[in-house]
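This report concerns only the one structure given below.
The values are calculated or read from the model by the stated rules, or taken from the named source; none is laboratory data. What you see is a predicted model, and the numbers here were worked out from it, not measured in a lab. FYI the Cβ positions are ideal-geometry reconstructions off the backbone, even for glycines, and counts take in every protein chain you see. In case anyone asks, the SASA skips ligands and DNA or RNA and just uses the protein heavy atoms, side chains included. Shrake-Rupley method; radii C 1.70, N 1.55, O 1.52, S 1.80 Å.
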Amino acid sequence: MTLSMDNTPPSALQTVTRFAPSPNGPMHLGHAYSAIFAHDIAKQAGGTFLLRIEDIDGVRSRPELVDDYRRNLKWLGLEWTEVPAQSTRLDSYAAATQALAERGLLYPCTCTRKEIEAAGGTQGSDGLIYPGTCKEQRSVSDRPAAWRLDIDKAMQEVGELVWTDEVAGLVTVDPRDLGDVVLVRKDAPASYHLAATIDDAADGVTLVTRGKDLFSATNIQRILQALLGLPALHCHHHGLLLDDAGEKLAKRRGSPALTERRENGEDGPMLAKQLRLQKLEGGTLA
Ligand code: GLU
Ligand code: ZN
């Protein structure tokens, strides 16, 4: 490794953050807030802010929206380095999946959403926790299968794990509110958890910043890091923007699209400034 003059490895000098949107719907204010948050932390540290398009959702991904994300970020006054989109990295996800499957950590699941509901799964932090039907049956079927992580087995393999969050401090991994998550979807060669974990490591991200709604996801991603021999990443889960009615700006509920505001000639840097101030006002954050 090349050392700089003060003998610090180059990697330790650089803060690398990323904004990693899934272009499944138009960019909204919550996205803008997340992007500005990651951007500012990197720039203040003299580091690098990355943009990574997470376009592997076969059904919902809308390639025609990707350029709009870029235009909106530019309009807000952000500068970034773009890394390859996830759709170009499918081989690395397949290799990881194969390695995990060979260790007996994955099992095929043919359940439909309706079947999972009917089996009476309990509510977790991201929908119903999978009740384990296919794990017990391990039956061969012609129906399309997703591949799930056997979380009990994974936990046995990695033992007790922790990760650190700028706000929450030291967190002990507890994946129970997500359970046996899908790592390979029926309609996509990976899932968010797997692809994001692999890419954050491959892209040299040092600080993962994202909304608090993904706090639990980090438990799963920390387990995947350990299973795949990837570094443990430090995180900063930020509060969520509230709308005028005090509700969280959920991605699926139509919060104001930025493209329209940009096309209407609104001042982007001014909007970015307002969003930065909201962060400081505290009361506007969930
Ligand atoms: N593509 C994910 C999303 O938009 C990224 C979440 C993350 O930052 O890890 O929800
Ligand atoms: Zn199943």
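Some values worked out for this structure:
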item	result
Global form of region 173-213, assessed from the alpha-carbon gyration tensor, a/c cut-off 1.5	oblate
Point-to-point label distance, GLU136-ASP177, nm (Cα→Cβ direction, 7 Å offset)	2.6
Accessible area expressed per residue, region 63-187, with surrounding protein chains retained (probe 1.4 Å, Å²)	58
Order of exposure, largest accessible area first, which applies to THR97, THR81, THR122 with probe 1.4 Å	THR122, THR81, THR97
Distance cut-off 15 Å, percentage of C-alpha pairs in region 118-183 lying past it	63
Unit charges on C-beta of K, R, D, E only; dipole of region 67-130, Debye	40
Compactness index (Cα Rg / 2.2 N^0.38 Å), the chain	1.05
Assigned charges on the beta-carbon of Lys, Arg, Asp, Glu; region 43-199 dipole about Cα centre (debye)	340
Given charges at Cβ of Lys, Arg, Asp, Glu: the chain dipole, positive-most of LEU207, PRO269, PHE49	PRO269
Carbon plus sulfur fraction of accessible area for the chain, probe 1.4 Å, in percent	52
Accessible area (Å², 1.4 Å probe, nearest 10) - HIS234	60
Total formal charge among the other residues, if their Cβ is under 11 angstrom from that of PRO23, Lys/Arg +1 and Asp/Glu -1	-3
Among beta bridges that DSSP assigns inside the chain, antiparallel share in %, nearest 5	55
Exposed-site-free run, longest, the chain (rule: trypsin sites (Lys or Arg not before Pro); DSSP loop; at most 14 other C-beta within 10 Å)	139-251
ALA45 paired with ALA99, simple spin-label distance in nm, labels 7 Å along Cα-to-beta-carbon	2.4
Computed helical MRE - 222 nm, the chain, DSSP H runs ≥ 4 contributing -39500 (n - 2.57), nearest 500	-11000 deg cm²/dmol
Relative contact order [Cα under 8 Å, 6+ residues apart], the chain, whole percent	22
Top positive-direction residue, dipole computed over region 67-116 with Cβ charges, set ILE116, TYR93, ASN72	ILE116
GluC sites (Glu not before Pro) restricted to region 143-209 and DSSP loop, no more than 16 other C-beta within 10 Å	GLU160, GLU166
About the Cα centre, charge dipole magnitude for the chain (Lys/Arg +1, Asp/Glu -1 at Cβ), debye	260
Length released on extending from MET270 to ASP126, taking residue separation times 0.36 nm less the Cα-Cα span	48.4 nm
ASP152 paired with ASP213, simple spin-label distance in nm, labels 7 Å along Cα-to-beta-carbon	3.2
Overall form of region 97-223 per C-alpha gyration tensor (a/c, 1.5; a/b vs b/c)	prolate
